[in-house]
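Dropping a structure here in structure tokens format, bear with me for questions.
No value in this document is a laboratory result; all are computed from the given coordinates. Because the structure is a prediction, the values reported are computed rather than measured. Note that we place each Cβ from the backbone using ideal geometry, even for glycine, and neighbour counts take in every protein chain shown.
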Amino acid sequence: MLSISRRQLSVMVATLALAACHTPVTDQPPAPELGSGYRTDLATRHAERHMAAAANPLAAEAGRQMLRQGGSAIDAAIAMQAVLTLVEPQSSGIGGGAFIMLWDGKNVRAYDGRETAPAGARERLFLRPDGTPMGFAEAQIGGRSVGTPGVLRALERAHKDSGHLPWATLFEPAIRLSEQGFAISPRLHALIAADRYIPQSPDMAAYFLNADGTPKATGTRLKNPALAAVLKRIANEGPDALYHGPIAAEIARKVQGHRNAGSLSQADLKGYSAKERTPLCTDYKQWRVCGMPPPSSGGIAIAQILGTLQALESRDPPLAIASMKPLKSASPAGLEPVPEAVHLLAEAGRLAFADRGLYVADADFVPVPVAGLVAPDYLARRAALIGERSMGIAKPGQPAGIQVAYAPDRSPLRISTSQVVAVDDRGGAVSMTTTVEAAFGSHLMVQGFLLNNQMTDFSFIPEEHGQPVANRVEPGKRPRSAMAPTLVFDRNSGELLVTMGSPGGSQIIEYVSKSLVAMLDWKLDPQAAINLPNFGSRNGATELEAGLFSPALKQALKDKDHALNEIDMTSGIQAIVRTRDAQGKVSLSGGADPRREGQALGD
């Protein structure tokens, strides 16, 4: 007979009470980065030896250079990150953080380079004196929002484990581009022009704007000698160049000296360490899907969505997502998912986001019931809630392993991220999602690079109904993320099949789940899967990528009681698929997102 202690019973009752009153924010924030058009010139790239893909062609080329020199996948990722710091500063850089999923040919490894809250941070950080939460920009701009950067420490740790080329070699392309200059891309120009806070930052204004305050034009050659000097130091001294000495001192001075001051100190920088986590690997049909564990919610949510879809196949009659292949469309995407597929993925997303908002945070601070959340029997119970009509708003479930009752977090994420993937000559692979949080981060520039505003990924409201929010601010804690770098393997052979991921804030979960189903279930090549219109639900309205869905599909969803929200869904998906034919020959195919400026390059 099952024995339940009085303490366990009180936790269960409190959790169910919170679940009953859980009403998520249905008006989600807009995409964290503006759209810059939908390209129609991309085709799947093919290679035999190696491949790299990034959100900017200069970064992808840097990755390919490392692979051509015999470098490993992580070598390529480091070179791409260094270049992205220069050419895509609104999205990622050495002043931010990253999650890295790595396959070294034998083991899957997960590296956590997420920013940490400074020692001086307190849970009321984003509350005004009257107790009301700050507006997002009020919290974002300035030192208050800056967490301890982590990307370089994570890359350092991964390079020590799996790097082949010398550390210094990996920074050569970025140093050269910083000194010689690069042409401002249409996307970067559009984001500069749209950002009303750049003029308030003297360093950013001097770099991005003309003397009259107008944004520098597309094609303008932009040089960054200050960043070149920093990268040279990092190349020669390692990440200590950023975490110790004069660069660290200037970071702390900028953060603490801003009118919206934060508490990040030199001691915080000196004490930062990246962590290697146990990857979250779950079975989906004939595949093994591996993603990031907490503090990312991405790996859990992807596993839940896929597990829910698999459970639906056991119904009588079965609801098999694999049979719901997209149809040809007149839109720029060329294909459109069928209404039933949108319905099932949106409903599965609602269930995952309901759990995410209640249970997931930094597992070093909060007991996250990871095993219970991805257990097949639990997901089967959740799948039973999906009917022919939309449930509208899903409530959190009650997975096994709940230890503490928390209040739901009503703070939607706004992450400005980038994504790189690579496969090397030895079959090793990496998927890295990297971020400074909102576009241009905190808008604090230090020696040519931007500092993150990652602290705003914590809940602004630390408690509700007398219960703490799991993702509240605490010193040393890592804010919850939706980033979902993903590796997929064949369950029988153990061979790597896919490395992929996307930027896009909390919508990352929608983008990655859509693309995985498209590649695995619908057998689309990576470019077609990425091109497919984005859709899903974050437990609010069903979201459809604006301009890419037919009136017939929208009406079919309305007939199923879906409240629709047509919005920009500026993903930046990069994917590489690795296959082996009957003769044992390996081939690679890669795709980049037409919604950004990315490219896949290989030999």
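Per DSSP H run of n ≥ 4, the term is -39500 (n - 2.57); total these for the chain, divide by its residue number, and report the mean residue ellipticity at 222 nm rounded to 500 deg cm²/dmol. Can you show the working numbers first?
Details: 19 runs with 197 residues, N = 603.
That calculation yields -9500 deg cm²/dmol at 222 nm.
Subtract the Cα-Cα distance of Ala119 and Ser314 from 0.36 nm times their separation in residues, and report this length gain in nm to one decimal. It would help to have the intermediate numbers written out before the result.
Values: separation 195, 0.36 × 195 = 70.20 nm, distance 4.94 nm.
So the extension gain works out to 65.3 nm.
Separate question: Positive end of the charge dipole of region 476-600 (Lys, Arg +1 and Asp, Glu -1 on Cβ, about the Cα centre): tell me which of Gly591, Gln555, Gly494 has its Cα farthest that way.
Gly494
What trypsin sites (Lys or Arg not before Pro) in region 503-603 are in a loop by DSSP, with at most 11 other Cβ atoms within 10 Å of the Cβ? It would help to have the intermediate numbers written out before the result.
On the way: sites: Lys514, Lys523, Arg538, Lys554, Lys558, Lys560, Arg578, Arg580, Lys585, Arg595, Arg596; in loops: Lys523, Arg538, Lys560, Lys585, Arg595, Arg596.
Sparse-neighbourhood loop trypsin sites (Lys or Arg not before Pro): Lys523, Lys585.
Also, quick follow-up: Would you calculate the separation in nanometres between label points at His244 and Arg128, each defined as 7 Å from the Cα along the Cα-to-beta-carbon direction?
Modelled inter-label distance: 4.5 nm.
Under a Cβ-Cβ cut-off of 9 Å, what is the net charge of the residues other than Leu188 that fall near it, where Lys and Arg count +1 and Asp and Glu count -1?
Working: positive: Arg187; negative: Glu88, Glu597.
Cβ neighbours under 9 Å give a net charge of -1.
On a full-extension model of 0.36 nm per residue, what is the gain between Arg491 and Lys558, subtracting their alpha-carbon distance, rounded to one decimal in nm? Walk me through the numbers before you get to the answer.
On the way: separation 67, 0.36 × 67 = 24.12 nm, distance 3.82 nm.
20.3 nm is the gain from fully extending Arg491 to Lys558.
For region 349-395, report the translational diffusion coefficient in µm²/s to the nearest whole number, using Stokes-Einstein at 10 °C, 1.306 mPa s, and a Kirkwood Rh over Cα pairs. Before the final figure, lay out each step's value.
Numbers: Rh = 11.8 Å.
Stokes-Einstein gives a translational diffusion coefficient of 135 µm²/s.
How big is the dipole moment of region 552-603 about its Cα centre under a simple scheme where the beta carbon of each Lys and Arg is +1, that of each Asp and Glu is -1, and everything else is neutral? Debye, nearest 20, please. Write down the numbers at each step before the final one.
Working: 8 positive and 8 negative charges, 42 e Å.
The calculation lands at about 200 debye.
Of all DSSP beta bridges in the chain, what percent run antiparallel (nearest 5)? Walk me through the intermediate numbers first.
Details: 72 of 78 bridges.
Antiparallel bridges make up about 90 percent of those DSSP assigns within the chain.
Using alpha carbons only, how many angstrom separate the centre of region 530-603 from the centre of region 222-257?
Computed from Cα coordinates, the inter-centre distance equals 37 Å.
Give me the net charge of Leu42's neighbourhood, meaning all other residues with Cβ under 12 Å from the Cβ of Leu42; Lys, Arg count +1, Asp, Glu -1.
Details: positive: Arg39, Arg45, Arg595, Arg596; negative: Asp41, Asp525, Asp593, Glu597.
Charge balance in the 12 Å sphere: 0.
Sequence gap at least 6, Cα distance under 8 Å: using those rules, report the relative contact order of region 468-532 to the nearest whole percent.
Values: 58 pairs, mean separation 14.4, N = 65.
For region 468-532, the relative contact order is 22 percent.
Still on this structure, please answer the following. For region 464-603, what's the relative contact order in percent, using C-alpha pairs closer than 8 Å and at least 6 residues apart? Intermediate results must be reported in sequence, preceding the final value.
Working: 211 pairs, mean separation 29.2, N = 140.
Relative contact order comes out at 21 percent.
Which of the helices in the chain meet the span-like rule: DSSP H, Cα axial reach of 15 Å or more, Kyte-Doolittle mean at least 1.6? Before the final figure, lay out each step's value.
Working: long enough: 6-20 (21 Å, 0.99); 57-68 (16 Å, -0.26); 73-87 (21 Å, 1.88); 151-162 (16 Å, -0.71); 225-237 (18 Å, 0.50); 245-257 (18 Å, 0.06); 298-312 (21 Å, 1.43); 339-359 (30 Å, 0.23); 508-520 (18 Å, 1.42).
Answer set is 73-87.
Evaluated at 25 °C with a viscosity of 0.890 mPa s, what Stokes-Einstein diffusion coefficient in µm²/s does region 223-318 have when Rh comes from the Kirkwood expression over alpha-carbon pairs? Intermediate results must be reported in sequence, preceding the final value.
Values: Rh = 17.5 Å.
It comes out at roughly 140 µm²/s.
Provide the net charge surrounding Lys558, with neighbours chosen by a C-beta distance below 13 Å and charges set as Lys +1, Arg +1, Asp -1, Glu -1.
Numbers: positive: Arg389, Lys554, Lys560; negative: Asp559, Asp561, Glu566.
After counting each charged neighbour, the total is 0.
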